Each structure stands twice: as C-alpha cells, then as structure tokens.
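*Asks:* Would you mind keeping the following structure in view while I ask a few things?
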Amino acid sequence: MISLRHRLILSLLLVLVFLFVTPVVQAMPADIAGHWVEDSVKSLIDQGILNGYPDGSFRPDQSISRAELAKTLATAYELKGASREGQFTDTKGHWAEDYIEALAETQIITGYPDGSFKPEAPVTRAEMVVMLTRLLKIGTEEEHYTMEFIPTFPDLTEDYWAFYQIEMAAKLGLLPRYYSPEFNPSRLASRADTAWMLQQLLNLKTVRGQVIDQPEAGTNLITVRPEGDDQIEIAVIPSEAVVLRNNITTTVDTLTKEDQITIYYNRNNEPTVVKAFGEVNKADLLSRLSALVEGRLTTEQIASILAGNWDEVKEGIKGELYNQLLKIGLTAEEAESILVQDWAYLDTISRDRLTSAVSGYLGITRDLSGAILARDWERIKEFARIELTAMALGKILG
C-alpha cells in the first residue's frame, strides 16, 4: 500500500511533468476578436513574436512605440546585440535596451542627431515602412534609381525621404489596404498595422543564390541556383519589376552569369524586386554616371556621348546647354556656333567652354565633364569613383 508521503511525492512529480512537458498556450487578447487584424495577431502570438498587455488586451488601434517595435522586430528576426555599450543616451537601463541595440547594430533603426533614441516616441507610418524594408535590405541609401517611378500615392513625390521604401513596400504588398488613396506618412502606425505588415513580411518568398546562365535579351528570364539547394529556380521577371545591379536600377538582360542575386516575390508570388551584385562592367558605369547626374542624362544618352554620337543627344539637352553657355559669358552667336558643331572638331577654347556648360548642367566637376567629352574611359572611371566617394562622405559628414 502506498503511504501518504509517497502519494504526495507522486502527485508533485505529476505536477512537475505537466508543467515542463505541456506547452504553455498564451491566452488570446479579448479585444482582437472580430478585428481585421485578428488572424495576424493570433499567428504572431503563437510564434512568440507578439504578446498582449498584463490586463489581457492587445489594444490593436493604439500607436506603437519605438521600443515596442524594436522588441517585435528583434524577436521576429532573432537579432541580438553584441555591443555592451549603449549607442544612445536615453536607453541605458530601459526594458527594451537589448532589442534596441540589436536593431541599431544591424542598421535597422537609427537614433536622432542629439544621440537619443526616444524609445517611448510613437512610430509613424513612414518610419515603420523604412524599418521593414531595411530588414529586407531593399530601399537602402546605397541604391540609385535611374528609372522613373509613377507615385502610388498622390501625397508622396520622389523628393520625400522615404519615397522609394514606401514604393517598394507597396509593390510587395506589405501595406494595409486602407493606406490609400493617400499614404499619410506622418500618421502614427497602429499595433494592428504593425502586426499585419510584419506577418506579410515574414510570409514573403525570397530566393537568394547565383545566376547560372546569362539572361537572354528580351526574355526577362533568370535561372538561379539557390543557396544550399540543388533545385534550380527559374523566374520570369515582369517588366514592371524593379531590377538593381550593384545598387543601380537596370534591366534583366544586364545581369550576368555568376551574379549573386536575391529575388523578392510579392504576396501574389510574383517576382517584384531583384537585387544582384557582380563584377562592375560598362553598363554599371553608364548607370552610375546617369545616377551621378541625377537622371539629367539617361544611360543611352551617356553611351551615345561616349561613342561620339552627339547628334543623338544634343537635341534633347540643347536648350539647357545653350542657357548654360550664356550663363558662363558666351554670346548667343558663340553658344549657337558651339552647339551646331561636332564635338570632335571643337577647338580648345570652345571645348573648354562646352566642358563648363556640361559641368554646370549635369552638376558634376569639370574634370569628369571633360573626360566624358574626350570619351576617356579610364579617366571617367577614376573621376566617377572620386565623385561618388565625395558624395558619400558628404552625406556622412554633412
């Protein structure tokens, strides 16, 4: 017969087994029942990414703070900070300090010019989208867009600081439907918005690997060997997809064999954004030059200039160059005489004046302008590299 003492020990062991073996199921917040974000919140809570408040609520329509967002994103992507010294003046000892440091080290989030992070400040829609696209490594500051975007939202233009990130998010289907017709970038993002967008982000199909065949012109077809997988991925890239090579927008046929590539699919499982990196070639340089002059010349126009085909280009920019020539002191007759001559026959003085005009029109140095006029590829590479470096330093130090 089992003694009372043994029965108590057995009961205790059964309780311990129940506690350690039976999974703990977190109760679903009562205030998400019937809410449009209910399924997303339930999914993320089940994954341990989100949790509600101690009173059993989730408060879906409440704004989300920078600290709360940091915890959510760091948990979702299993990011951990390695630095022991806080990067911000106001996060020491904060409950979300480790999460904030993890995202800061991966450059998903940044602080303010005064060195603060403002962990309790609410997050705007624009800030939310920027952080989400940074997790995908698209819409970065290193990217240059030589293609023209037709704005998705009437209240945003290309000069808005988060324009391209918002456009990328829209193309990928990461934005709630009610974020239209206007985006309202300064409006606060809600906890419901966060849950829905994060779930879409986590569910996106992404293929990373190496291009194994040179894409054929006009086919928009890419053959990729995914990382750690022998199964070949064949993707037909729609014409409206955004394609970048070495962080410059381009077309599929400029990608090359052995490029490292990432294909991002939208919610409809369609290739939407392509990012490739590989050996710098002539097409890259033309694209960089076009980006350097902020789209005032297309890559085709630059290629024509470098090939000496001035007639294919000058009509498109003749008016602007004419005005620039007048600004640097030429008479109307002198300006006209320069523009109607072939560059190969310009004398030294005229070429120098035209170099100044091209430099002023494109916003580049006279050295790079002169190299373009002379079609000197080596000098073009060198001056373009110097100017791009100077631009980068200007952003860092400015």
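Laboratory data are not the source of any read-out in this text; all were calculated from the coordinates shown. Owing to the predicted nature of the structure, the values given are computational and were not obtained by experimental measurement. Here the Cβ positions follow ideal geometry from the backbone for every residue, glycine too, while neighbour counts run over all protein chains shown.
*Asks:* Computed over the Cα atoms, what is the radius of gyration of the stretch 120-205 divided by 2.2 N^0.38 Å, N being its residue count?
*Replies:* 1.03
*Asks:* Can you tell me the order of 198-210, 98-110 when each peptide is scored by its average per-residue count of other Cβ atoms within 10 angstrom, highest first?
*Replies:* Going from most to least packed, we get 98-110, 198-210.
*Asks:* Please label the shape of the stretch 206-279 as rounded, prolate or oblate, based on the square roots a ≥ b ≥ c of the eigenvalues of the alpha-carbon gyration tensor (a/c under 1.5 means rounded; beyond that, a/b larger than b/c means prolate, else oblate).
*Replies:* Judged from the Cα gyration tensor, the stretch 206-279 comes out rounded (a/c under 1.5).
*Asks:* Compute the semi-axes of the equivalent ellipsoid of the stretch 80-154, taking the square root of 5 times each eigenvalue of the Cα gyration tensor, and list them largest first in whole Å.
*Replies:* Ellipsoid half-lengths, sorted descending, are 28, 14, 10 Å.
*Asks:* Then there is this: By its C-alpha gyration tensor, with a ≥ b ≥ c as the square roots of the eigenvalues, how is the stretch 30-203 shaped: rounded for a/c under 1.5, else prolate for a/b larger than b/c, else oblate?
*Replies:* oblate
*Asks:* Now, a different point. Go through 158-168, 128-138, 55-65 and give me the packing order, highest mean Cβ count within 10 Å leading.
*Replies:* Ranked by mean Cβ neighbours within 10 Å, highest first: 128-138, 158-168, 55-65.
*Asks:* Ratio to report: Rg/Rh of the stretch 31-99, with Cα atoms as the point set and Rh obtained by the Kirkwood method; give two decimals.
*Replies:* That ratio is 1.03, to two decimals.
*Asks:* As an exercise, find the ratio Rg/Rh for the stretch 153-267 from alpha-carbon atoms, using the Kirkwood inverse-distance average for Rh.
*Replies:* 1.03
*Asks:* Hey, can you rank 44-52, 180-188 by average C-beta count inside 10 Å, highest first?
*Replies:* Per-residue Cβ counts within 10 Å, averaged per peptide and sorted highest first, yield 44-52, 180-188.
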